[in-house]
1. Can you give me the long-range amide H partners of W200? Hydrogens built in the peptide plane at 1.01 Å from N, cutoff under 5 Å, separation of 5 or more residues or another chain.
2. Which whole-Hz couplings ³J(HN,Hα) result when phi for each residue of the stretch 145-157 is put into the Karplus expression 6.51 cos²θ - 1.76 cosθ + 1.60, θ = phi - 60°, listed in order with x for Gly and Pro?
3. As an exercise, use a Förster radius of 22 Å and the Cβ-Cβ distance of A17 and L48 to find the FRET efficiency, rounded to the nearest 0.05.
4. How much accessible area per residue does the stretch 142-281 have, in Å², with a 1.4 Å probe?
5. Pop the C-beta distance of V291 and R99 into the FRET formula with R0 = 41 Å and round what comes out to the nearest 0.05.
6. Would you please calculate the Kirkwood hydrodynamic radius of the stretch 212-266 over all C-alpha pairs and express it in Å, rounded to one decimal?
7. Projecting each Cα onto the charge dipole of the stretch 153-295 (Lys/Arg +1, Asp/Glu -1 at the beta carbon, about the Cα centre), which of L211, L167, A284 comes out farthest on the positive side?
8. Show the residues, 5+ positions off or on another chain, whose built amide H is closer than 5 Å to the amide H of N186.
Amino acid sequence: MDGALAPNDLWVERAMALKPSGVFVSQQLLERSDYVRSGFYQDWNRPLGILHMVGSVFPMAGERTGVIGIHRGHAGAEFGAAERRRLAHVLPHLQRALRVRSQLAGAANARTAELAALDRLRTPALLLDGAGRLLHASALGEAHLRRGTDLSLCAGRVVAGPAFASLWRHLLEQAARGIGGAMRLNDMPGAAVTALLTPWRGAPDATPAVLVLLRDALQQKASIEVLRQLFGLTPSEARVAAAIAEGVAPEEIAERLGVSTGTVRSHLKQALGKTGTHRQNELAALVNHSVAMLG
């Protein structure tokens, strides 16, 4: 186990202080009389019937410490030279197993963090294998698949519409081999859904995977709250700035918000001043390239 998990283990503390080499026994670390008077024995080991120990403390990756201990109760004899030799024989294998376990845990934690980061994006994200089998989908990615307008889930595979199916399969296979690509998924003017397919940099021995990031012009909008935090906008100013970023005219924004066009233009003027922009297209570009699009 990791030494950090045993801060109250007197044997571990003594071993860390004395730094005995290889395998040691409890009587090397502490006199029996001192051990049985200790709180470690009275509170922990006595109720468990533990009296003797043979073990080892060794460094692991980073600043971690590996700890191995084998125990005997009152009815057993003290561990001696024979037991130390046996543990010394298997110790390299136990150390290797602990290192592998630590590496696997680190890889699992890294993958969990990566997938959590995808879920935080306000961009639909899919993780597929080279054949299109779905490995993971962010919440927005799931919602996109449920709509089924350009990509859909069929027998566990993500497939594109008939007009784009051949190119979709080609780009998936290409990305699984390490070469990214991009494509449109519909022919709707001004409302195209576009996809970026890129190799997923997983573990060296992992199955090649493909990360698909989708951009839906009709669905993807700036976060009002993030705009407020970025530029100090009021809620109304942020709503106007977000709508401008969508390409909506002030008159249509006024109708959408239920206010006058003059009010919208007043909010727009304030938003331009606070963001340091001078024209609507500059404001739209600023919003669309900001983290407000990520939520």
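The values are calculated or read from the model by the stated rules, or taken from the named source; none is laboratory data. What you are looking at is a predicted structure, and each value in this text was computed from that prediction instead of being measured. Heads up, the Cβs are rebuilt from the backbone with ideal geometry, glycines too, and the neighbour counts pull from every protein chain shown. Accessible surface areas use protein heavy atoms only, side chains included; no ligands, DNA or RNA. Shrake-Rupley method; radii C 1.70, N 1.55, O 1.52, S 1.80 Å.
1. Residues meeting the amide H criterion: A209, V210, L211.
2. 5, 5, 5, x, 7, 10, 10, 8, 9, 9, 6, x, 10
3. Efficiency for this residue pair is about 0.40.
4. 56 Å²
5. 0.60
6. Mean inverse Cα-Cα distance, inverted, gives 11.9 Å.
7. So the residue we want is L211.
8. Hits under the 5 Å cutoff: V193.
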